[in-house]
Amino acid sequence: MRITYAIDQETGLVVSRVESELAWPILDYDNMLPENGYTMNYHLEKMNVLEMAGYTWDLLKWTKKIPVEIKNLHRIFWGMKPLTN
């Protein structure tokens, strides 16, 4: 299984791709509360590549230059072993 990474140039969020699926960070609006200073937390959701065709796809910049910590979040999501530093 091969994983590739991209940065959404509009948001700065990291997206990963395995075969015909993407792991896209989704903002958890429900838990942005005054009590936690409106902290933004994200979770990854799988989406088919075809769902993202068009406008959004053009905003992705494919790169290998992703911090290991973020790569490992995506690797775990896809069921892969984390990388060591």
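Residues that are over 12 Å from the mean Cα position of the chain (by Cα) and among the hydrophobic types (A, V, I, L, M, F, W, C) within the stretch 1-60 comprise M1, M32, L33, M40, V49, L50, M52, A53, W57, L59, listed in sequence order. Among the residues of the stretch 17-43, those identified as without any contact (Cβ under 8 Å) to a residue 12 or more places away in the chain, part of a loop (DSSP other than H, G, I, E, B) and exposed (fewer than 12 other Cβ atoms within 10 Å of the Cβ) are L33, G37, Y38, T39. The set of residues in the stretch 44-84 that are more than 21 Å from S20 (Cβ to Cβ), outside any helix (DSSP H, G or I) and of a type outside the set (K, R) comprises P67, P82, L83, T84. Within the option set V49, V14, V68, being among the β-branched types (V, I, T), touching a strand residue (DSSP E or B) at 6+ places or on another chain (Cβ under 8 Å) and free of Cβ contacts under 8 Å to residues at least 60 places away in the same chain holds for one residue only, V49.
Values in this text are rule-based calculations from the coordinates and carry no lab data. Since this is a predicted model, take the numbers as computed values, not measurements. Cβ: placed from backbone, ideal geometry, glycine included. Neighbour counts: every protein chain shown.
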